[in-house]
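**Q** Mind having a look at this structure? Questions to follow.
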Amino acid sequence: MSAETLAWPGSYGGDAKPRVGFFTDTSICIGCKACEVACKEWNRIPESPQGFTGKSYDNTLDLGANTWRHVAFIEQRVPADADGGASLVEAAERGGLVEREGLATSKEGDGVRWLMSSDVCKHCTEAACLEVCPTGALFRTEFGTVVVQEDVCNGCGYCVSACPFGVLDRREGDGRVWKCTLCYDRLKDDREPACAQACPTNSIQFGEVDELRERAEKRLAKLRGDGQSEARLYLADEEDGIGGAGAFFLLLDEPEVYGLPPDPVDSRRHLGAIWAATGAAAAALGAGLVAAVFGGR
Amino acid sequence: MPEPDAHPSLERFVELNGPSNGAWGELSSYMVSLLKAWWGDAATEDNEFCFHNLPRIDGDHSHYATMLKMLDGGVKGFFAVGQNPTVGSANARLQCMALSKLDWLVLRDFSETETAAFWHDSPEIESGDVRTEDIGTEVFFMPAAAYTEKDGNFTNTQRLLQWHHKALEPPGDCRSDLHWIYHLGRRIREKLAGSDDPRDRAILDLTWGYPVHGPHDEPDADAVLREIGGRQADGSFVSGYEELEDDGSTACGSWIHAGIYADGVNQSARKRPHTEQNWVATEWGWAWPKNTRLLYNRASADPEGKPWSERKRYVWWDAEEGRWTGLGDNPDFPPDKEPDYEPGRRDRAMAAIRGDAPFVLHPDGLGWIYAPSGLVDGPLPVHYEPQESPFENRLYAQQQNPTRQVFHRPENPYHPTDGETGAAVFPFVLTTYRLTEHHTAGGMSRTVPYLSELQPELFCEISPQLAQERGLEHGGWATIVSARQAIEARVMVTDRVQSLEVQGRTMHVVGVPYHWGRRGLVTGDSANELLPLALDSNVHISEYKVATCDIRPGRRPRGRDRAALVEEYRRRAGVKV
Ligand code: SF4
Ligand code: SF4
């Protein structure tokens, strides 16, 4: 059984379902953005035009109240030889040609690789957003996912600063926060989430988290074996700062390259310290009050 | 389509239009079955199965030939069904000017596209070159139903047909193409009813009795598919094109689709999931011809009929059964023809194809690199430089394809090429292409918010070296100029576009996606405004992928200054118009 969360499966008893999530294998993302569009269509999310950003082919830029899937495009200069690992087959072929035929592939001998990666709410095992929510709008579902109830959220925004990934965001003109629900409505209907269904390459794989982790380990071993030495899993480790995520990733480079935090930590983990400090402050305040009350005499 | 002089009879048409060997050897069966599908009982052996009802083709009616004729006032009316040539065709300005010479233009689309709006909102009207009051074309806009609002088939480039079912009624006046064609035909037939003019027989005798249903009398798409799929005289459905006959006993609307209604089932509507069949997936939709997923698949076995590789085996000869068999795909070969079969001297059509010759559409059954007939610029592929190139052809003394179609006229000026004076005025290579987020000329994507926001503006992609050379700023604006037009685009400086060393010179490329126009949610200039018409002679496609251009920082001039800029470039390059 994958990492238990505070509320799942415990609070659901016999109604708990296996914990589900995403394994997003960015090595096979082709940047079609079908996931972004399918998510918006299914969830009827307002459009969010930002104009031409100049950030490669990414005109979405970030996750937000009106963007629950975001495909990042990262252009990287890499050596155009076999070691550069641009595209495995290509680089191997090019490497061979460079060595055998003395062929130069471009003026500076540099190649380019285009990383694409579809980001989403991580559905953390230790989800700070959910813990800080004072209204109970954010809750852990029977599938182990994290969902905002739009009819309960009062727009206080505590969760916005709590999320280590910047996923939560208030919708302008509405005030409430919105994010990926992991298609809670579809899950209840026994359907896979819209983004995963739309993905033509299976870069987004939906399933039970335990099984997905196994699949991800195998895929990683394969890529490493093929010479992708920088390939790594991101948020698949239960020992990390958020107890692992329901939506985890296979990346071809460091998380920072994709704009992802390298060591996200559940802000609740600091709460012990915060509570201690608050207690001391309250005690001091209390003493002051006493002094004020009695000092007047 | 028959030509008026060359094809005085059905027999002569068949004789001149197909090799007598291979699958084309049965052309007379395909033709007679087609004529029977269209004219039913009226098509008899005595009247050559109504062969003389077919319209005659009297010249090149491909798109560009039609537009050029239109420009010269030789075309009265034009139907643009889901077509947006003022954005999607090369030399967009020429397309626009041609439309203004029409008497009438009928468009069917989801929204008022650039082509539909050409008479009141075009780059030429913006710049003051053309005025609405001078355009005499009467424009009829017919709102179209989307694929979700009608039954029908998608055919993809891999020949797979996938049936889609109507999910909801089209809104307002939107109707399917089928509805429109059917009811247009019905009305014409009603107007002609009772006519004894022989020339009206071609329309009055058509089999037009398609059942209609629903609130808008929608014709039954399934009935049309049945006609296309083919039937025997007793009404039963054929299962493949081999069953077609030239004696009038079979009717089939399209020989390559023969069998799409085999066993009385819409084969293209089958949606058996991949979990319930192997990867060949022959029960997902239907592929023409005869549900063949891999064409010429007999080639997956060696001349003796054994798989070339056990691991990759696909179709092979089962000697015991005396049949071609395989992983499930339809063997694209006569099912019981032995691998060592050799035709006799008198054999023709499929019987003339050897047992080890998989390419059944070729008269010798072989794959061709050397193509002695069929290609205007055959028999072997060779490299030519495009019409506009900054380089000489180093492979071959002939610079450009001598059979290419070029049109020297004021609306379509070409740049000087390498070595000619003035070539340096347009020093860069221009290439155009598509983005995933938009669909062709944008009529179906620039109107959709979720797609529009993903690629909201026309941009050009250039290398850091070119940016430096021309003072172009990433995220800023550039004006791209050709002798046809000047357009503006946002600048994307990227390592993905590389400057190349060619023939001792540095060559810069300007890459421009072509989807934008003046209508829709996201608008912009169109890359096709820059391109000339320079067509290949086989399929009359223009050179969209390469021309030459200049690029400069900043937005393009507005109004008459735009034409003045282009004019200045022409003068400097010595381009005569
Ligand atoms: S799971 Fe559903 S809500 Fe979440 S990103 Fe995918 S489509 Fe959007
Ligand atoms: S749908 Fe799949 S392949 Fe396309 S951008 Fe999203 S993750 Fe990548």
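Let's see how each residue does on (1) among the polar types (S, T, N, Q); (2) under 18 Å from B:Ser389 (Cα atoms):
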{"site": "B:Thr421", "(1), (2)": "yes, yes"}
{"site": "B:Arg434", "(1), (2)": "no, no"}
{"site": "B:Thr447", "(1), (2)": "yes, no"}
{"site": "B:Arg470", "(1), (2)": "no, no"}
{"site": "B:Arg484", "(1), (2)": "no, yes"}
{"site": "B:Asp495", "(1), (2)": "no, no"}
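**Q** Taking only the stretch A:19-31 into account, find how many residues are in contact with a strand residue (DSSP E or B) (Cβ under 8 Å, 6 or more places away or on another chain) and either away from ligand 1 (no atom under 12 Å from the Cβ) or modelled with pLDDT under 95 (or both).
**A** 8
**Q** Would it be correct to say that A:Arg191 is open to solvent by 50 Å² or more (accessible area, probe 1.4 Å) and farther than 19 Å from A:Val71 by Cβ?
**A** yes
**Q** Does at least one position in the stretch B:472-492 carry a residue that is open to solvent by 40 Å² or more (accessible area, probe 1.4 Å), over 30 Å from the mean Cα position of the chain (by Cα) and free of Cβ contacts under 8 Å to residues at least 12 places away in the same chain?
**A** No: zero hits.
**Q** What is the residue count in the stretch B:442-462 for residues that are more than 9 Å from chain A (Cβ to nearest Cβ), open to solvent by less than 10 Å² (accessible area, probe 1.4 Å) and in contact with a helix residue (DSSP H, G or I) (Cβ under 9 Å, 6 or more places away or on another chain)?
**A** Total satisfying the criteria: 5.
**Q** Taking the stretch B:429-440, which residues are more than 12 Å from every other protein chain (Cβ to nearest Cβ) and open to solvent by 10 Å² or more (accessible area, probe 1.4 Å)? It would help to see each step written out before you state the result.
**A** Taking the stretch B:429-440 and keeping what is more than 12 Å from every other protein chain (Cβ to nearest Cβ), we get B:429-434, B:439-440.
Selection gives B:Val429, B:Thr431, B:Tyr433, B:Arg434, B:His439, B:Thr440.
**Q** Also, I was wondering about something else. Looking at A:Gly51, is it within 14 Å of another protein chain (Cβ to nearest Cβ) and either away from ligand 1 (no atom under 11 Å from the Cβ) or surrounded by 15 or more Cβ atoms within 10 Å (Cβ to Cβ) (or both)?
**A** Considered against the rule, which asks whether it is within 14 Å of another protein chain (Cβ to nearest Cβ) and either away from ligand 1 (no atom under 11 Å from the Cβ) or surrounded by 15 or more Cβ atoms within 10 Å (Cβ to Cβ) (or both), A:Gly51 comes out as yes.
**Q** Return only the number of the condition from (1) in contact with a helix residue (DSSP H, G or I) (Cβ under 6 Å, 6 or more places away or on another chain); (2) modelled with pLDDT of 95 or more that B:Ser499 does not satisfy.
**A** Only one criterion is unmet by B:Ser499, namely (2).
**Q** While we're looking at this one, here's another question. Is it the case, given these coordinates, that A:Cys121 is in contact with a Lys or Arg (Cβ under 7 Å, 6 or more places away or on another chain), within 16 Å of ligand 2 (Cβ to nearest atom) and open to solvent by less than 20 Å² (accessible area, probe 1.4 Å)? Write out each step before concluding.
**A** Details: in contact with a Lys or Arg (Cβ under 7 Å, 6 or more places away or on another chain): yes; within 16 Å of ligand 2 (Cβ to nearest atom): yes; open to solvent by less than 20 Å² (accessible area, probe 1.4 Å): yes.
So A:Cys121 passes the test.
**Q** Kindly state which helices (runs of 4 or more DSSP H) lie completely within the stretch B:1-114 and contain at least 1 residues that are over 30 Å from B:Ala233 (Cβ atoms) and touching a residue at least 40 places away in the same chain (Cβ under 8 Å).
**A** Values: elements: B:10-17, B:27-39, B:63-71, B:85-88, B:92-99.
Filter on the stretch B:1-114 gives B:63-71, B:85-88, B:92-99.
**Q** Would it be correct to say that B:Gly504 is under 17 Å from A:Lys55 (Cβ atoms), without any contact (Cβ under 8 Å) to a residue 24 or more places away in the chain and open to solvent by 10 Å² or more (accessible area, probe 1.4 Å)?
**A** Here the answer is no, as B:Gly504 does not meet what is asked.
**Q** Which residue is nearest to A:Glu217 (Cα to Cα), if the candidates are limited to the stretch A:14-71 and must be within 9 Å of ligand 2 (Cβ to nearest atom) and part of a loop (DSSP other than H, G, I, E, B)?
**A** Only one residue fits best here, namely A:Cys29.
The values are calculated or read from the model by the stated rules, or taken from the named source; none is laboratory data. Bear in mind the structure is a predicted one, so any value in this text is a computation, not a measurement. Note that each Cβ is placed from the backbone with ideal geometry, even for glycine, and that neighbours are counted across all protein chains shown. Note: accessible area is taken over every heavy atom of the protein model, side chains too, but ligands, DNA and RNA are not part of it. Shrake-Rupley method; radii C 1.70, N 1.55, O 1.52, S 1.80 Å.
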